[in-house]
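First up is the structure itself, then whatever we jot down about it.
The values are calculated or read from the model by the stated rules, or taken from the named source; none is laboratory data. As the structure is a computational prediction, the values presented were derived from the model and not from experiment. We place every Cβ from the backbone using ideal geometry, glycine too, and count neighbours over all the protein chains shown. With ligands, DNA and RNA removed, areas are computed over all heavy atoms of the protein, side chains included. Shrake-Rupley method; radii C 1.70, N 1.55, O 1.52, S 1.80 Å.
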Amino acid sequence: MRKIILASLLAAVTFGGIARADNFPSRPITIIVPFSAGGPSDAMARILAERMKTTLGESVLVENVTGAGGSIGVGRAVRSPPDGYTISFGHLGTHVANGAIYKLGYDLATDLEPVALLPSNPMIVVSKNAVPAKSLKELLEWLKSKPAPATAGTAGAGSGSHIAGLYFESVTGTKLQYVPYRGTGPAMNDLVAGQIDLIVDQLSNSINQVRAGNIRGYAVTDTKRAGSASDIPTTDEAGLPGFHMTLWSGLWAPKGTPRDIVAKLNAAAVDALNDPAVRAQLEKLGLQMPPNDKLSPQALGDWQKAEIAKWWPMIKAANVKVD
Ligand code: MLT
C-alpha cells in the first residue's frame, strides 16, 4: 500500500510537469506590445492574436506597456513567469537596437526565448503636407537648406523609427531633431496635424495616411516597390541608392519557458501567418511575410544574433544619449 502511494505521488509530480505543458494553455495569454495602441506594432499584434486564439483554444490579449523605446515593455515580459502566459512582441528596435543604447538590466539574446519571426515592414520617408517638397531629392534640398534641423517623430530612442532616422542621417548627411513619442501611432497624429516635419516610419503605419493625402510619402526603403503602394518609388529610384531597411518583428517568451510550450506558441503564430485571411490583412498594410525556413524558434534566435552583430556598430557610433 505504501509503495502504491509513493508511486502515484511520483507519477503526479512527474506527469504534473508534462501535464502542465499538455494542458497549456488553460487561461488567457497576454502579448506585451511595448508601444502605444493604434501604432504598427499594435496593429500587427492584434491581427495575429485574433487568429492565434483559434489554434491555442484560449484568448490572446494585447497589453500595451510603453516607454523608453520599448525597453520598459520588454523588461516587463522578461520578468514575467516562464509559463507561456506572457509573451513579448518586439522588433529590430526593441530586441536588437535597445541593447546598444540602454542599460537594460536584461540581456536581449539570453533572457528571452525566441518564439517566432513575424512579418517585416519596409520603412517609408514621410512628411507633413506643408513641407515644400514633392520628391525625395527636393526633400533633401529642403532639409539641407534649413538653418535648424527638421523635427522627426520617433517612438523613442532605439525604436524602429529612431534607428531608421539615424540611418537616414548617416546616408544623407542631414541632421534631424528627434521628437520622441510612446509609439508612432501618436507621432502620426502630430505629423498629420503638422506639429512635426517628418517620420522615417514603418510603411504599415503611414500607408493609409499617404493614400488619404493627409501626409506626403517620398520613398520606401526597399529594393522593390511595395505591392500595396506601387505608386511610391524606392529609395534607389528616388535618388538615395542603397538606403535599404526593413523592420522585422518577432515574438519571444521569458527565459526558461518550457520548450514544448514555446513550440505551441510558435505553432499558433505560424498558423496565423499561413492563414490566407490574415496574410491578406497584413499584406494590405504593406507587410512582408517571413520566409518559411525562418519560422522556427531557433531561426529567430540565430537571426536576432546576426542582426545584433550587424547593427550595434552603427548604433554605438551614433552615440545616442538616453537619460
Ligand atoms: C510602434 O508600434 O509604435 C513602432 O513599432 C514604433 C517604432 O519602433 O518606431
Inset, instruction - Considering (1) part of a helix (DSSP H, G or I); (2) open to solvent by less than 50 Å² (accessible area, probe 1.4 Å), say which one Ala277 fails and leave the rest. - result: (2)
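Evaluate the following for Ser228: is it open to solvent by less than 20 Å² (accessible area, probe 1.4 Å) and either assigned to a helix (DSSP H, G or I) or closer than 24 Å to Asp42 by Cβ (or both)? Break it down into steps so the answer makes sense when it comes.
Values: open to solvent by less than 20 Å² (accessible area, probe 1.4 Å): no; either assigned to a helix (DSSP H, G or I) or closer than 24 Å to Asp42 by Cβ (or both): yes.
Answer is no for this residue.
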Inset, instruction - Among the numbered conditions (1) open to solvent by 10 Å² or more (accessible area, probe 1.4 Å); (2) modelled with pLDDT of 95 or more, tell me where Ser170 comes up short. - result: (2)
Inset, instruction - Would you mind stating whether Gly256 is open to solvent by less than 10 Å² (accessible area, probe 1.4 Å), out of contact with any Asp or Glu (no Cβ under 6 Å at 6 or more places or on another chain) and not aliphatic (A, V, I, L, M)? - result: no
Legend entry - Test: Ser41 is among the hydroxyl-bearing types (Ser, Thr, Tyr), in contact with a strand residue (DSSP E or B) (Cβ under 8 Å, 6 or more places away or on another chain) and assigned to a loop (DSSP other than H, G, I, E, B): no
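What about Pro186, is it near the ligand (Cβ under 9 Å from one of its atoms), over 21 Å from Ala229 (Cβ atoms) and surrounded by fewer than 23 Cβ atoms within 10 Å (Cβ to Cβ)?
The answer is yes for Pro186.
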Inset, instruction - Take the residues in region 189-201 that are among the aliphatic types (A, V, I, L, M) and open to solvent by 10 Å² or more (accessible area, probe 1.4 Å), then tell me which one is nearest to the ligand (Cβ to nearest atom). - result: Val192
Inset, instruction - Please state which of the following conditions Ala116 fails to meet, knowing it meets all the rest: (1) within 16 Å of the chain's Cα centre (by Cα); (2) within 14 Å of the ligand (Cβ to nearest atom). - result: (2)
Inset, instruction - Of the conditions (1) modelled with pLDDT of 95 or more; (2) surrounded by fewer than 22 Cβ atoms within 10 Å (Cβ to Cβ), Ala268 clears all except one; give me its number. - result: (2)
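Residues are listed down the side, and each one gets a yes or a no for (1) out of contact with any strand residue (DSSP E or B) (no Cβ under 7 Å at 6 or more places or on another chain); (2) of a type outside the set (D, E, K, R):
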| residue | (1), (2) |
| --- | --- |
| Tyr181 | no, yes |
| Asp190 | no, no |
| Ala193 | yes, yes |
| Gln202 | no, yes |
| Asn214 | yes, yes |
| Thr221 | no, yes |
| Lys224 | no, no |
Legend entry - Asn205 vs. criteria more than 24 Å from Val96 (Cβ to Cβ), within 13 Å of the ligand (Cβ to nearest atom) and either open to solvent by 10 Å² or more (accessible area, probe 1.4 Å) or in contact (Cβ under 8 Å) with a residue 12 or more places away in the chain (or both): no
Inset, instruction - Scan region 194-204 and give yes if some residue there is part of a helix (DSSP H, G or I) and in contact with a helix residue (DSSP H, G or I) (Cβ under 7 Å, 6 or more places away or on another chain), otherwise no. - result: yes
